Every structure is written in structure tokens, then in C-alpha cells.
Amino acid sequence: MKKLKTKEAKSTQEKTSIAESGSPYDILGCGPRLKRLTTWEPERWEKAKNPLAAGLPALSKEAMRFHTWQDRGVPSVAHAYYFAKDFARGNLSWGNFLVLAGPTGVGKTHLTLAIAWEWFDDDFSVVFTRVDDLLDDLRRGYDDNTYHQKLERIRRCSLLVLDDLGAEHAKEWAGEKIDRIVDWRYVDRLPLVVTTNARSEDLAPRVASRLKDRRCSIVAQIDADDYRTAATNAGPDRRQKRVA
Ligand SMILES: Nc1ncnc2c1ncn2[C@@H]1O[C@H](COP(=O)(O)OP(=O)(O)OP(=O)(O)O)[C@@H](O)[C@H]1O
Ligand SMILES: [Mg+2]
């Protein structure tokens, strides 16, 4: 009985209230109308606050950030850092696509994770994923009926990061999915960050063309030694341990 009363009271209140409870537009007294015009969905953003759901590895929260980045005195590395930093701040005046290309171990994933964490911390919906993992996940979606939901999330998230493009086997199905996703982000001018080891001529032509579009994309070609194995990056502790 008590429950029923509360329910009734609530529904009467809902009918008469001008502003939607919990909406940031309450103070304007026009919440419900604005809500329909915006994407204000508290439940959705709460879910997006989970770093695992965003695909952000827990360890990278401390390790792969701008403040842990070392200037290596290599111009192409410095350029990539500069564009990444700008992107992380939300300055998309250069373009809404950022492509970090280069050989292994030059810090492409490090920079993209640093960008993704900044956007995540600013409460944007972020999806960070390796391309082959994404394709596996979409395939699984056929079995548990979540395929369309997964694809929609990739299509509409505020920031999409595709790590290691070109590492996947360019089978017909995979190629078509990547083409579609990149094209959606391209047409809607939505933020997309891509890393790749592949040369642009090795990527699918339609995907490469969009990623290289000078009107909306910055391509930072990094040319440096592998940070993982470069002798200059072995700290004194590490070297001593090796000698001992
Ligand atoms: N300039 C840098 N400052 C600090 N750490 C760096 C720098 N460059 C690379 N690293 C570190 O080196 C390791 C390799 O970097 P990362 O994984 O980003 O390379 P990558 O370019 O994505 O390589 P791959 O193509 O193999 O995926 C990471 O632990 C990263 O934090
Ligand atoms: Mg990488």
C-alpha cells in the first residue's frame, strides 16, 4: 500500500514537474524538452565511466600517459606527441582523424592511450580497441545477438581508437566492417584515432583514402628506433641488473 502511494505520488509529480529530475537543465525549467534534443542519458554515461568497458587497460592508467612520455629528441616523435596532446585537449581544428603510423615500439599505442584516458577522464564515451579484438568481438555478437548494439556503440561513441589497423587479416568480412566503421566516423566527422604499422599502400584503398584526407585527418608518421630495445632507454637500475 505504502509502495503504491509513493508510486502514485511520483507519477503526479512527474506530470506536473516542468524540469526533469537529475537533468542538468533543471535550473532552466525546460529539462524535458532539451533532453529530447540532446543525448543526456545518465545511465549511459555511468556505464561509460567504467574503464574496462571503454577498453582501457587498468595498468595503462598510470603508465601510458603524457606525463610518462619521454622526449627522445627525434622530430617525428615530437610531432606525434604534439598532435596527440592537441587531440587529447579536444582541439580538433586540425581534423577529427589522427593517424599514428610507424614501426613497432615507437610509442603509437602509448600516445593513443594517453589521449583516450584524457577523454575518458573528461566524461566522454570512449572505445579503445585493437582492430583484431574488435572484429572478434563483433563476430561473437552474432552468437549472443549483441552485434548491432556493439556496432552502434562503435559508430556513436565520442572517441573511437582503433589500435593496430592492418594487423588483422584483410578477409572480405573484416575489410567490409573496417570500411564501414571508418566511413561512418568520416561522414559524421567524429573523432577517430588510428595506429598502424602498415604502409598506406598496404591498407584497403578506401580506408587509406579517408584516413589521409587532408581536410579532416592528420597523419603523424613516426620514424624512430624501437623504444623497447633502444639502449638509451635502459635506466641505470635495469642495466645494473643485467650486468649482475
Ligand atoms: N617516447 C616514449 N616515452 C616513454 N615511453 C615510451 C616512449 N615510446 C615508447 N614508449 C614505451 O615503449 C613501449 C612500447 O610502446 P608502444 O606499445 O606504444 O609502441 P607501438 O608503437 O604501439 O608498437 P607496436 O607497433 O608494436 O604496437 C611502451 O611500454 C611505451 O610506454
Ligand atoms: Mg601498439
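Tabulated data
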read-out	value
Cα convex hull volume per residue for the stretch 112-200 (Å³)	98 Å³
Likely footprinting exposure, 187, 99, 131, fewest C-beta neighbours within 10 Å first	187, 131, 99
Out-of-range pairs (alpha-carbon distance over 27 Å; input 61/177; 177/212; 108/212)	61/177
Descending semi-axes in Å of the stretch 71-170, equivalent ellipsoid built from Cα gyration tensor	27, 17, 10
Least to most buried among 118, 62, 172 (fewest other Cβ within 10 Å first)	172, 62, 118
Ranking of 214, 72, 189 by count of other Cβ atoms within 10 Å, fewest first	214, 189, 72
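Computed from the coordinates by the stated procedures, all read-outs in this text should not be read as laboratory data. The structure displayed is predicted, hence computed values, not measured ones. Cβ coordinates were reconstructed from backbone atoms using ideal geometry, including for glycine residues, and neighbour counts include every protein chain displayed.
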